[in-house]
Amino acid sequence: MTSLLRTWLALGTLAFLFISSVSADDVVVLSEDNFEKEVGQDRGALVEFYAPWCGHCKKLAPEYEKLGASFKKAKSVVIGKVDCDEHKSLCSKYGVSGYPTIQWFPKGSLDPKKYEGARTAEALAEFVNKEGGTNVKIAAIPSSVVVLSPDNFDEVVLDNTKDVLVEFYAPWCGHCKALAPIYEKVATVFKLDEDVVIANLDADKYKDLGEKYDVSGFPTLKFFPKNNKDGEDYNGGRDLDDFVAFINEKSGTSRDSKGQLTSQAGIVESLDELVKEFVKASNDEKKAIFAKIEEEVEKLKGSAARNGKIYLKAVKSSLEKGGDYAKNEIQRLERILEKSISPAKADEFTLKKNILSTFVSSS
């Protein structure tokens, strides 16, 4: 076995392990402890019995995840799954001898009916609707991944104002299919960051582009930062946290795996030093430091420049409203952030809160 093949196999397994740990919000993870609490009660249940190493299970995983997301709000149906490597006795109890095995448990029954249809989200949904009396359609989830072709490749990837991560894939590639839902989550995490692009290219269809960038296997990931449009090989891990950590480090972003800004988001070190001076200065000195902050902000570019404007507004408001402004405004923002607001607004208020926190910590 070649080292490249071993790497692909390892990455494929790693990718599937992530997929198989989908949030219980969409697909309910079942075990001996909770099976009879979730199944055979007041809801019908579709259950996939799978093994993490099973190739057909890996292929089914993104379709089953899509099914779970679509039935998320259907109160009369449970979409669940059991890891048969981990829960052998439970799988044996229901006669599972191959993977994946998909069974339907009617409401109030632990006597299942085996699903024999196609393994697509649409076919599974049709079956569940018929058995469970629901009328759910597979949700069309807008993709945050930018689809590349020869027509837009240079415009997107070679834009020196953007950091671009590109997956070169082939539609028939099993590891690419396993990576797809993870890669989509990466794109969703960074969709509000204007300087970051998560993209992919069908390098089987557009072979010339694949060859141009030395793509010899699938998936191949390359990072094209603002300052190097020749591209750099991405050799990191392929779970969500690995990708997020990589983009944060390379692009200066501050996101967690849920797409929320961390407490470090928006912080500009050079401005922080001036804020410390500002907070400790006398009223007469504050105006001179404000002028220094204005000069420093003018030197900034990209997201740092946008954050610099928030610093300027905070300094100006502190001059006008006094020393308690930052503390009072942070409390107001925290109350807003506890409510249900759009991701864009959450970003806006979190950045402001983080920057104002530097005023409080420096006092």
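The values are calculated or read from the model by the stated rules, or taken from the named source; none is laboratory data. Here the structure is a predicted model, which is why all the values come from computation and not from measurement. All Cβ positions, even for glycine, are placed from backbone atoms using ideal geometry, and neighbour counts span all protein chains on display. SASA here: full protein model, heavy atoms, side chains in, ligands and nucleic acids out. Shrake-Rupley method; radii C 1.70, N 1.55, O 1.52, S 1.80 Å.
For the reader, a short list of remarks on this structure follows.
- Within the stretch 264-277, the set of residues being out of contact with any Lys or Arg (no Cβ under 9 Å at 6 or more places or on another chain) and either free of Cβ contacts under 8 Å to residues at least 24 places away in the same chain or open to solvent by 60 Å² or more (accessible area, probe 1.4 Å) (or both) comprises GLN264, GLU269, GLU273, LYS276.
- Cβ-Cβ contacts under 9 Å between residues 6 or more apart (or on different chains), taken from a first residue in the stretch 176-192 that is under 19 Å from SER254 (Cα atoms) to a second residue that is part of a helix (DSSP H, G or I) and open to solvent by 60 Å² or more (accessible area, probe 1.4 Å), are listed as LYS191/PRO343; LEU192/PRO343.
- Residue match in the stretch 89-96 (condition: assigned to a helix (DSSP H, G or I) and either under 28 Å from the mean Cα position of the chain (by Cα) or at pLDDT below 95 (or both)): no
- Scanning the stretch 116-127 for residues that are under 21 Å from CYS91 (Cβ atoms) and either in a helix (DSSP H, G or I) or in contact with a helix residue (DSSP H, G or I) (Cβ under 6 Å, 6 or more places away or on another chain) (or both) yields GLY117, ARG119, LEU124, PHE127.
- Matching residues, the stretch 299-322, being in a loop (DSSP other than H, G, I, E, B), within 22 Å of SER263 (Cα to Cα) and not charged (D, E, K, R): LEU300
- Looking only at the stretch 21-64, and only at residues there that are surrounded by fewer than 21 Cβ atoms within 10 Å (Cβ to Cβ), among the acidic types (Asp, Glu) and under 27 Å from ASP241 (Cα atoms), the one that is modelled with the highest pLDDT: GLU63
- When we screen SER109, SER143 for residues that are out of contact with any His (no Cβ under 9 Å at 6 or more places or on another chain), part of a loop (DSSP other than H, G, I, E, B), among the hydroxyl-bearing types (Ser, Thr, Tyr) and modelled with pLDDT of 95 or more, the only hit is SER109.
- Helices (runs of 4 or more DSSP H) enclosed by the stretch 153-256 - at least 2 residues per element that are under 30 Å from ALA346 (Cα atoms): 153-157, 174-189, 240-251
- Flag for VAL82 being touching a residue at least 40 places away in the same chain (Cβ under 8 Å), within 14 Å of ILE102 (Cα to Cα) and out of contact with any Lys or Arg (no Cβ under 8 Å at 6 or more places or on another chain): yes
- Residue within the stretch 284-298 that is assigned to a loop (DSSP other than H, G, I, E, B) and open to solvent by 40 Å² or more (accessible area, probe 1.4 Å) present: no
- When every residue of the stretch 238-252 is checked against the conditions, at least one turns out to be touching a helix residue (DSSP H, G or I) at 6+ places or on another chain (Cβ under 9 Å), more than 30 Å from GLU155 (Cβ to Cβ) and surrounded by 16 or more Cβ atoms within 10 Å (Cβ to Cβ).
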